[in-house]
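*Asks:* Structure in structure tokens, see below.
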Amino acid sequence: QKEVEQNSGPLSVPEGAIASLNCTYSDRGSQSFFWYRQYSGKSPELIMSIYSNGDKEDGRFTAQLNKASQYVSLLIRDSQPSDSATYLCAVKEDTGNQFYFGTGTSLTVIP
Amino acid sequence: ETGVTQSPTHLIKTRGQQVTLRCSSQSGHNTVSWYQQALGQGPQFIFQYYREEENGRGNFPPRFSGLQFPNYSSELNVNALELDDSALYLCASSLQGVETQYFGPGTRLLVL
């Protein structure tokens, strides 16, 4: 069974701080990784995808990938109260079409 | 908004009944994946449809079945409902060969 592990949290940061969310995965051959944000009672919303080792930046969000360590992270700079949500890490399996999701990390940004 | 729509938004059924959930994919997308998300959990992959055929399946029993239509819309059917089937059912559309998926708003199913 392929697994995606995330710190369940809750993670609390003050407004303006950097929030760091982590994810590890078991499928060593996986090449595609995604971060989704899910507000309470809503469906997941895509934040970023990352396919290559290193950093990928999009506005206040930076995804980091280290395939050797099977580790993906998401940094949120200048955190805002509107960033308060559950963040889901998703990994596409190497062979096949299945995506595996972690259980999510709950983030609260305190004004 | 992703352009992916699902119906109904909420549904209440009793154990043993059957249910059909519907999904319309985003314009230009030809692939639909279905997920089950239990409370406090991440989405779990049920199956994917492409060209009207099942194109991958997760660890769900055969009573979970689906269809895809020529316009790329899709249905998820669940027979012999069990209490543990209570969850948020999500569909996600994508373009085959492009792995980014976009989720619809979901259908919340309660089985009593």
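*Asks:* Across the residues of A:82-95, average count of Cβ atoms on other protein chains within 10 Å? Don't skip to the end; give the middle numbers.
*Replies:* Values: counts 0, 0, 0, 0, 2, 0, 3, 1, 5, 0, 3, 2, 0, 0.
Shielding by partners across A:82-95 averages 1.
*Asks:* What is the local net charge at B:THR14, summed over the other residues whose Cβ is closer than 12 Å to its Cβ (Lys, Arg +1; Asp, Glu -1)?
*Replies:* Numbers: positive: B:LYS13, B:ARG15; negative: B:GLU82, B:ASP85.
Summing Lys and Arg as +1 and Asp and Glu as -1 gives 0.
*Asks:* Under 1.5 on a/c is rounded, so check that first for chain B, then, if it is not, pick prolate when a/b is larger than b/c and oblate when it is not; a ≥ b ≥ c are the square roots of the alpha carbon gyration tensor eigenvalues.
*Replies:* It is prolate, given that a/c is not under 1.5 and a/b is the larger ratio.
*Asks:* Going highest first, how would you order A:31-40, A:78-87 by mean Cβ packing within 10 Å? Write out the running numbers ahead of the final one.
*Replies:* Working: A:31-40: 18.4, A:78-87: 16.9.
Going by the mean number of other Cβ atoms within 10 Å, highest first, we get A:31-40, A:78-87.
*Asks:* How high is the relative contact order of the range B:26-109, in percent, counting Cα pairs under 8 Å that sit 6 or more residues apart?
*Replies:* Working: 170 pairs, mean separation 26.5, N = 84.
With pairs under 8 Å counted, the relative contact order is 32 percent.
*Asks:* Per residue, how much accessible area does chain A have with a 1.4 Å probe, in Å²? All intermediate terms of the calculation are to be shown ahead of the outcome.
*Replies:* Working: 5050 Å² over 111 residues.
Per-residue accessible area for chain A comes out at 45 Å².
*Asks:* Can you give the FRET efficiency for B:GLU53 and A:LYS2, using 1/(1 + (r/R0)^6), R0 = 30 Å, r = Cβ-Cβ distance, to the nearest 0.05? Before the final figure, lay out the partial values.
*Replies:* Details: r = 23 Å, r/R0 = 0.78.
Taking R0 as 30 Å, the efficiency between B:GLU53 and A:LYS2 is 0.80.
*Asks:* Below 8 Å between Cα atoms, with a sequence gap of 6+, how large is the relative contact order for chain A in percent?
*Replies:* Working: 282 pairs, mean separation 42.1, N = 111.
38 percent.
*Asks:* Can you figure out the FRET efficiency of B:ALA38 with A:SER32, using R₀ = 25 Å and their beta-carbon distance, to the nearest 0.05? The partial results should precede the final answer.
*Replies:* Values: r = 24 Å, r/R0 = 0.97.
That pair, B:ALA38 with A:SER32, gives E of 0.55.
*Asks:* So which residues of the range B:36-65 lose at least 50 Å² of accessible area, probe 1.4 Å, when you go from the chain by itself to every protein chain present?
*Replies:* Those are B:PRO43, B:PHE45, which lose 50 Å² or more relative to the chain on its own.
The values are calculated or read from the model by the stated rules, or taken from the named source; none is laboratory data. Model, not experiment: these values are computed from the prediction. Here Cβ is always computed from backbone atoms with ideal geometry, including for glycine, and neighbour counts include all displayed protein chains. Heavy atoms of the whole protein, side chains included, go into the accessibility calculation; ligands, DNA and RNA do not. Shrake-Rupley method; radii C 1.70, N 1.55, O 1.52, S 1.80 Å.
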